[in-house]
Amino acid sequence: MLTAPADNGLPLRVAHHWWRDAVIYQVYVRSFLDSTGDGIGDLAGVRAGLPYLKKLGVDGIWLSPFYPSPQHDHGYDVADYCDVDPVFGDLAEFDLLVAAARRLGVKVLLDIVPNHCSSEHVWFREALAAGPGSAARARFHFADGRGPDGEEPPNNWRAMFGGPAWSRVVEEDGTPGQWYLHMFTPEQPDLNWRNPEVGAHFEHVLRFWLDRGVDGFRIDVAAGLFKHPALPDSPDPEADERTRDSVNPLAWNQPEVHDVWRHWRAICEEYAAKDGRERLLVGEVSVPTPREHALYVRPDELHQAFFFDLLGAPWDADAFQKIISGAMQDIAGTGSTVTWVLNNHDQVRTVTRYGESGTGGSGLGSARARAAALLMMALPGSAYIYQGEELGLPEVVDLPDDVLTDPIFRRTGSRKRIRDGCRVPLPWSGHASPFGFTSGTEGARPWLPQPEWFAEHATDRALADTRSFWHLYRDGLQLRRGLPQFAEGGLRWLESPPEVLAFVRGDGLVCAVNFGTGPVPAPVAGTPLLASGPCADGVLPGSTAAWWISDSAAL
Ligand code: GLC
């Protein structure tokens, strides 16, 4: 039997801030909806999809980067932070999107990428032209190489996506010259945050978008920015590449980064004080320990930081319980709330992670993904839904090599196929590709091919079928918003069989998840309020989650 840890029982006594329990929908713009017929989603497409998202019941959207970019890492290589790439629209279209979202009461978060820019950013071009020792190079990490003629990189660091973290430039006179640091691809040079010009530039960028009405920012690689000032060799240079996590202690998580988040928080507070609209900073923070994670969400730093552990968790009650309890304990006392994530644009989708691949997916993986969704929606804190998750999309695992665009595939000599399969454009309607994704009809081709079985997941079918993933998410979000039991507070674990997690929220909202395959007695008698699969009275079938309202005193 699982014991009930005596944790998280106390409600946090804080004023209500919208972000604390917000549900944010991640829009991967190039794969959401294409309004121009070029096969690539765009901002006008996002605007057209807003009523759909409003109906789903999310509080806000996070837009993946849409700035001008050569797209070596799908926009995470920004060439101009204050504009829109023509492929996605323009600033006027952006303004229309923000206005439409505001009318619907949907918040808009942008993705800001401060650790690195594109090698086509004007600063990097100037740095290449200006040469060693110049002020233009001081905005990046340029250094002379080691060994005879500087042939060896300045240190042994490796890039996250594979290969050395340094590339050598050819100087103006045609000779091999200095090296520059890039923790991702060579087309993403790291900025030198010890240079005050860099911080000043990003303050300008923040204000530019805040002045255009956005509600906050998702911050890319938020434990990055500063590097160890001496750029020394790493004792385990392959660690980042091996783990796909930012674990090089010399390249990430330097103490100075916290000053940046304090400053950005102050900027957000300044805007809120002016117009009463609270802005949100949510960081992509990958750090080795929960204690360090908590430092990023101290009351004067980021409002939230993604809690990614469920993304890597096996389908196992014990593993889930440890992660949930740990997250809540670590975050308690910081003033923040846990920010749950089951899917995003960098990871294999849950339906496939939990058991299925490639085809329509109405089996085990889907059942588990539905149960996980109900679990996430019942947890205290906020939740992020990645587009297509509400349709129960499985990963597209069999994309041909020649259509893959993820730089990880290229940089690992075609060994790692990781991030394309979750980025395939959404199916909206109909029985054949492009499934209403693109406005062009005959011959219009989405930028990644959609498999035939996407038809089973198209939004028109999902909306028409009350047993669909979509209805589960919609109903769950409605209850979550409406029931007082979901208001602020922690959770209390209930005793349950080893393959089951069961907990109570507030005054008697019970959520139970059966991670096993066989049925178990339900923790509460009566028909569930909502269940991820068919549920007879008194029984919780395998791979199923359900919610009940019960008299909390009886539990
Ligand atoms: C983040 C993004 C990822 C991107 C990387 C580099 O991890 O989520 O998609 O490739 O940063 O910017």
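The values are calculated or read from the model by the stated rules, or taken from the named source; none is laboratory data. Computed from a prediction, not measured in an experiment: that's the story for all the values here. Heads up, the Cβs are rebuilt from the backbone with ideal geometry, glycines too, and the neighbour counts pull from every protein chain shown. When the accessible area is computed, the model is the full protein with side chains, heavy atoms only, and any ligands, DNA or RNA have been set aside. Shrake-Rupley method; radii C 1.70, N 1.55, O 1.52, S 1.80 Å.
Residues in region 203-224 that are surrounded by fewer than 21 Cβ atoms within 10 Å (Cβ to Cβ) and within 16 Å of the ligand (Cβ to nearest atom): 205, 220.
Take the residues of region 116-131 that are of a type outside the set (Gly, Ala, Ser) and in contact with a Phe, Trp or Tyr (Cβ under 8 Å, 6 or more places away or on another chain): which is farthest from the ligand (Cβ to nearest atom)? Among them, the one singled out is 123. If only residues of region 225-241 that are within 16 Å of the ligand (Cβ to nearest atom) and charged (D, E, K, R) are counted, the one that is nearest to residue 277 (Cα to Cα) is 227. Looking across region 30-46 at every residue that is in a helix (DSSP H, G or I) and out of contact with any Ser or Thr (no Cβ under 8 Å at 6 or more places or on another chain), the one that is nearest to residue 426 (Cα to Cα) is identified as 31. Every condition in (1) among the basic types (Lys, Arg); (2) more than 30 Å from residue 329 (Cβ to Cβ); (3) touching a residue at least 12 places away in the same chain (Cβ under 8 Å) holds for residue 415 except the one numbered (3).
For region 281-298, which positions are part of a loop (DSSP other than H, G, I, E, B), within 13 Å of the ligand (Cβ to nearest atom) and among the β-branched types (Val, Ile, Thr)? The answer is 285, and nothing else.
Look at residue 207 and say whether it is touching an Asp or Glu at 6+ places or on another chain (Cβ under 6 Å), closer than 26 Å to residue 61 by Cα and not in a loop (DSSP other than H, G, I, E, B). Answer is no for this residue.
For region 159-184, what are the residues that are at pLDDT 95 or above, assigned to a loop (DSSP other than H, G, I, E, B) and more than 12 Å from the ligand (Cβ to nearest atom)? 165, the sole residue that qualifies. When region 225-264 is limited to residues that are assigned to a loop (DSSP other than H, G, I, E, B) and in contact with a strand residue (DSSP E or B) (Cβ under 9 Å, 6 or more places away or on another chain), the one that is surrounded by the most Cβ atoms within 10 Å (Cβ to Cβ) turns out to be 251. So is residue 467 at negative phi and open to solvent by less than 10 Å² (accessible area, probe 1.4 Å) or not? Spelling it out, it is not the case that residue 467 is at negative phi and open to solvent by less than 10 Å² (accessible area, probe 1.4 Å). Across region 401-434, the number of residues qualifying as open to solvent by 50 Å² or more (accessible area, probe 1.4 Å) and in a helix (DSSP H, G or I) comes to 4. For residue 190, the requirement of being modelled with pLDDT of 95 or more and not assigned by TED's automatic domain parsing to the domain that holds residue 27 is met.
Among residues of region 45-94 being under 16 Å from residue 119 (Cβ atoms) and surrounded by fewer than 18 Cβ atoms within 10 Å (Cβ to Cβ), the one that is nearest to the ligand (Cβ to nearest atom) is 70. Based on this model, can you work out whether residue 441 counts as open to solvent by 50 Å² or more (accessible area, probe 1.4 Å) and either modelled with pLDDT under 90 or not in a loop (DSSP other than H, G, I, E, B) (or both)? Taking the combined requirement at face value, the residue satisfies it.
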